[in-house]
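Inspection log for the structure reproduced underneath, given as structure tokens.
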Amino acid sequence: MTILVTGATGTIGRHVVEQLVKRGADVRALARDPAEANLPAGVTVVQGDLLDVDSLRSAFKGVSTLFLLNAVVPDEFTQALIALNVAREAGVERVVYLSVIHSDRYVKVPHFAGKFGVERMIEQMGFHATILRPAYFMNNDVTIKDVVTGYGIYPMPIGSRGLAMIDARDIGEIAAVELIRRERAAAPLALDRINLVGPETLTGAKAAAVWSEVLGRTIAYPGDDTAGFEDISAWSDRCHRPPDRQPGGGARLRRYRAGAFRRKGK
């Protein structure tokens, strides 16, 4: 029996594939460009796109279990609905879907609303599924590394309540375990939802402290300055470059940093 992995070349999907291979599963990976997939030996890579029904029909032939991952794009809900309908058409009953934590609470946020809509469709279509709801990806901090090292601030306004961040590798392993559990079950298992969180809740100050320890110098946390962060992010989006590599970006980051040190009494 074959497990089809969508999003197989991405941050999470690649780890799912690797963990499935380690556990001896028959893995088929969906990729837009199989020649660039660079996946482990033994994985069957098929060309396809979640908006291309014909390619999906071909990819689903002989598949028994689906790992469904949709990128955060405007048409992610459409992609998921197409994939689920083609899966049902192909006789696939077992699914593991990557959603987001608290998708049912923050339905006014487009990304969360889309994920929750897919969850509801999975349930209404009668799939025997595990819905994984991961918290904030620890790996997201890689995207702010240059700002942290260059300007001495941890810019993500994650607040004083904190986040139980989780590593993409852990998500991939959990997904693989669930896929194999469903794949090898003698009878289809009931729908289940699992929140995925890390072992420790990190506040903004704690995250900055971790960076400080690793780098051997003080990294400041600007506090819950969401307006300042949005200003930097919006400027970055307009320039289509990281905030430290755009006209005027350095000055904005220095003001953000100065605010952080003032609040810390430095």
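Let me check I've understood the local charge: for V43, count other residues with C-beta under 11 angstrom from its C-beta, Lys and Arg +1, Asp and Glu -1. What total comes out? It would help to have the intermediate numbers written out before the result.
Values: positive: R14, R28; negative: E18, D26.
That sum, taken over residues with Cβ under 11 Å, equals 0.
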Q: Compute the distance in nm between two label points, each set 7 Å from the Cα along the Cα-to-Cβ direction, one at V177 and one at R193.
A: 2.1 nm
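Using only the C-alpha atoms of the stretch 9-139, find the volume of their convex hull and express it per residue in Å³.
On the way: hull volume 14.8 nm³, N = 131.
It is 113 Å³ per residue.
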Q) So how strong a dipole does the stretch 61-144 carry about its Cα centre when Lys and Arg Cβ are +1 and Asp and Glu Cβ are -1, to the nearest 20 debye? A) 100 debye
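What's the carbon and sulfur percent of the stretch 155-206's accessible surface, probe 1.4 angstrom, rounded to a whole number?
Values: 1410 of 2640 Å².
Percent of accessible area from carbon and sulfur atoms in the stretch 155-206: 53.
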Q) Which value in nm describes the separation of the simple spin-label points at L215 and D141, placed 7 Å from the Cα toward the beta carbon? A) 1.2 nm
Q) Out of residues 5 or more away from R193 or on other chains, whose amide H comes under 5 Å of its own, with H placed 1.01 Å from N in the peptide plane? A) I131
Q. At q = 0.24, 0.27 Å⁻¹, what log₁₀ I(q)/I(0) does a Debye calculation on the Cα points of the stretch 24-97 give, no solvent, two decimals?
A. -1.24, -1.45
Q: Please calculate how many Å² of accessible area the stretch 32-87 carries per residue, with a 1.4 Å probe and no DNA, RNA or ligand atoms counted.
A: 49 Å²
Q. Tell me, what is the percent relative contact order of the stretch 121-196, built from C-alpha pairs under 8 Å that lie six or more residues apart?
A. 54 percent
**Q.** Residue-count net charge about M165 - beta-carbon cut-off 9 Å; Lys, Arg +1, Asp, Glu -1
**A.** -3
Q) Per-residue accessible area for H111 at 1.4 Å probe radius, Å² rounded to 10? A) 50 Å²
(Q) Taking 8 Å as the Cα distance limit and 6 or more residues as the minimum spacing, I'd like the relative contact order of the stretch 1-132 as a percentage. (A) 21 percent
Q. Long-range amide H contacts for L202: which residues qualify at under 5 Å (H placed 1.01 Å from N, peptide plane, sequence gap of 5 or more or a different chain)?
A. L163, A164, M165
Q. What nm value, rounded to one decimal, do you get for the distance between H102 and R88 when each label is placed 7 Å out toward the C-beta?
A. 3.1 nm
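Return the FRET efficiency for the residue pair T78, R184: r is the Cβ-Cβ distance, R0 is 30 Å, and the value is rounded to the nearest 0.05.
0.40
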(Q) Under 5 Å between amide hydrogens, which residues at least 5 positions from V63 or on another chain qualify, with H placed 1.01 Å from N in the peptide plane? (A) none
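The values are calculated or read from the model by the stated rules, or taken from the named source; none is laboratory data. As the structure is a computational prediction, the values presented were derived from the model and not from experiment. Virtual Cβ from ideal backbone geometry, glycine too; neighbours counted across all protein chains shown. We work out accessible area using only protein heavy atoms, side chains counted, and drop any ligands, DNA or RNA first. Shrake-Rupley method; radii C 1.70, N 1.55, O 1.52, S 1.80 Å.
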